[in-house]
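The values are calculated or read from the model by the stated rules, or taken from the named source; none is laboratory data. The shown structure was predicted, so the numbers you read here are calculated from the model rather than taken from an experiment. With ideal geometry, Cβ positions are generated from the backbone for all residues, glycine too; neighbour counts draw on all protein chains shown. Areas reflect the complete protein model, heavy atoms only, side chains present, ligands, DNA and RNA absent. Shrake-Rupley method; radii C 1.70, N 1.55, O 1.52, S 1.80 Å.
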Amino acid sequence: MDSLSNRFIESNINVDKCEGAWIFDKNGKAYVDYLLGNCCHILGHSHPRIIDAIKKQAEKCVNVGDHNYQVAYDFAEKVKQISRKDYIRLVNSGSEAVHLSLRLARAFTGRKKIVKFWGHYHGWFSEELSKFVSELPYDKGLLNEYSAQFIPIEWNNFEQLNKVFEEYGSDIAAVICEPVLCHAGPIPPVENFLEAIRFKTIQNHSLLIFDECITGLRLCLGGAQEYYNVYADIVVYSKAFSGGLPLGICAGKKEIMELLGDGVVYQAATYDANPLSVACANEVIDTVIEEDIHVNISHNGSRLISEIDNILNHYSIPHLYQGFPSVFQFYFTEEEIIRNSREAFHYNDISFFVQLVEGLLLEGVSVMKGDIRKNYNSSWLSQWFVSNAHNKNEIDFTLSAYEKVIKKLR
C-alpha cells in the first residue's frame with residue numbers, strides 16, 4: 001500500500017510537480033499549498049538554492065557512512081548557535097530524534113517516567129505514539145509496557161502539571177511537549193505555562209524536551225525557545241530545517257549529549273547526517289538568515305489571517321483565530337480561547353470546518369484537515385502553513401476561493 005493510504009486524511013491530490021507555493025496534479029490543475037510537505041518547505045517548494053545544493057552535493061558524495069565530512073560540521077555549528085545547545089546529533093527524522101531524546105533523558109536521570117500532553121504528536125514509534133490522543137484508534141501492535149511509562153496531562157493546565165509532579169516527581173525523567181501545540185490548531189501556551197514547566201523540571205531535577213519539529217525556524221530563527229525565551233535541556237528539530245529531505249536533529253546540553261560521545265547511550269544509523277539532507281538544510285538556514293524571510297511571511301500571513309477574519313465577520317460566522325502568521329488555524333466557535341486538544345474539538349464546529357476544507361480543495365486551495373473521525377477523542381486537527389513563497393498573488397487567490405466557499409456554505 002502507498003504511504004498515504006489512510007482514508008481519514010487523504011488529500012485527493014495526485015501530485016505531479018511543485019513550485020513555490022503551488023502544487024500541480026497529474027492533470028495540470030494548480031493548487032495553492034498550505035500543507036507544504038507537512039511543514040518542510042518554509043522557503044516554498046523546489047527553491048532554487050535547495051535544488052542547486054542537492055545537485056552540487058550529489059556530485060561530491062551521497063553517503064559516506066561513518067566517515068566525517070565538512071558539510072555536516074558546518075551545519076552542526078549553525079544549529080548549535082540557533083538552539084543555544086552544546087552538541088547535536090543528526091538522524092533521519094523527527095521520530096528518531098524524539099526517540100533519542102527520551103533515551104538520553106532516562107540515561108541522564110536514571111528515571112523512567114515521561115510526562116507529555118494530550119494531543120502533542122512526537123512521532124510514530126510505539127512509545128511516543130501510545131498516549132497521543134485519549135482513545136488511540138491505531139493501537140494494534142503497540143505494547144502496553146511502553147504506554148505505562150508515559151503520563152499524559154492536559155495542555156495549559158497548571159493544576160494537572162503541579163499534581164503530576166506531586167505524585168510521580170521522583171520517577172519523572174523528562175517532560176516533553178510541542179512548545180506550541182500544533183496538532184490541534186495550533187494552540188499556544190497560555191501566559192507563564194512554559195515557564196511553569198521549566199521551573200518544575202529544574203526543581204525536580206528532570207529534563208525539559210521541546211519538540212520543535214514544526215516551530216523550529218517557523219516562529220523566528222530560534223524557534224519557540226527564542227520566541228518565548230524559555231530554553232529546554234534538549235530540543236528536537238526536523239521538518240522545519242529539512243527543505244523536503246529526511247532529517248532529524250537532537251540538540252542538547254553538554255553533560256547530556258556526552259553520554260552519546262562516551263558510548264553510554266547508543267544511537268547509530270547508516271543514513272544519519274546524510275550529505276544530501278545536510279547540504280539542503282544548510283541552504284535553508286542561510287536563506288532564512290540572509291533574506292530575513294520572517295518579515296515577508298509575517299506580512300503576507302498576517303494579511304491572509306486578517307482578510308479571512310473579515311470574510312467570516314461579514315457572513316456572521318462565529319470564529320476564533322489562534323497561532324502566528326506562519327502557522328495558524330481558525331476555530332468555528334463562540335469561545336474566546338481554545339486551551340487544549342479536547343477543547344479544539346468539543347468547542348468547535350468540526351462539520352463546518354470539514355466542509356470548508358473540502359470546498360477549498362475544489363477551488364484550488366490545499367489545506368489539510370488532519371485525522372478527523374466520528375469519535376473526536378480519536379482525532380487531531382491540522383493547520384495552515386505559510387511559506388516565503390506565499391506572496392500577493394497566492395494570498396489573493398486564496399481569499400477569493402475562501403469567500404466563494406463560505407458563500408456556498410451559508
(request) Check segment 261-275 and report whether any residue there is touching a helix residue (DSSP H, G or I) at 6+ places or on another chain (Cβ under 8 Å), open to solvent by 30 Å² or more (accessible area, probe 1.4 Å) and in a helix (DSSP H, G or I). (result) no
(message) Taking the condition of being open to solvent by 10 Å² or more (accessible area, probe 1.4 Å), at positive phi and either part of a helix (DSSP H, G or I) or of a type in the set (A, V, I, L, M) (or both), how many residues in segment 182-226 meet it?
(response) 0
(message) Yes or no: segment 247-258 includes at least one residue that is assigned to a helix (DSSP H, G or I), within 19 Å of Leu36 (Cα to Cα) and open to solvent by less than 10 Å² (accessible area, probe 1.4 Å).
(response) no
(request) Being in contact with a strand residue (DSSP E or B) (Cβ under 8 Å, 6 or more places away or on another chain), of a type outside the set (A, V, I, L, M) and at pLDDT 95 or above is the filter here, so list the residues in segment 26-40 that pass it. (result) Tyr31, Asp33, Tyr34
(message) Residues that are surrounded by fewer than 16 Cβ atoms within 10 Å (Cβ to Cβ), among the acidic types (Asp, Glu) and under 23 Å from the mean Cα position of the chain (by Cα), at least 1 per element: which helices (runs of 4 or more DSSP H) completely within segment 45-130 meet that?
(response) 70-83
(message) Taking the conditions exactly as written (closer than 18 Å to Ile372 by Cβ and either in a loop (DSSP other than H, G, I, E, B) or under 15 Å from the mean Cα position of the chain (by Cα) (or both)), does Pro179 satisfy them or not?
(response) no
(request) Scan (1) touching a Leu at 6+ places or on another chain (Cβ under 6 Å); (2) farther than 10 Å from Gly185 by Cα; (3) among the hydrophobic types (A, V, I, L, M, F, W, C) for the single condition Ile308 breaks and write down its number. (result) (1)
(request) Would you tally the residues in segment 150-177 being open to solvent by 50 Å² or more (accessible area, probe 1.4 Å) and in contact with a helix residue (DSSP H, G or I) (Cβ under 9 Å, 6 or more places away or on another chain)? (result) 3
(message) Going by what's in this entry, would Val230 be described as in a loop (DSSP other than H, G, I, E, B) and either β-branched (Val, Ile, Thr) or open to solvent by less than 50 Å² (accessible area, probe 1.4 Å) (or both)?
(response) yes
(message) Against the condition exposed (fewer than 15 other Cβ atoms within 10 Å of the Cβ) and closer than 30 Å to Ala401 by Cβ, how does Tyr321 come out, does it pass?
(response) yes
(message) I need the full set of residues from segment 363-410 which are hydroxyl-bearing (Ser, Thr, Tyr), within 22 Å of Cys39 (Cα to Cα) and at pLDDT below 95, in order please.
(response) Ser379, Ser382
(message) Going by what's in this entry, would Gly141 be described as loosely packed, with under 15 Cβ neighbours inside 10 Å and farther than 26 Å from Gly244 by Cβ?
(response) yes
(message) When the residues of segment 10-19 are narrowed to those that are within 19 Å of Leu360 (Cα to Cα) and at pLDDT 55 or above, which ends up least open to solvent (accessible area, probe 1.4 Å)?
(response) Ile13
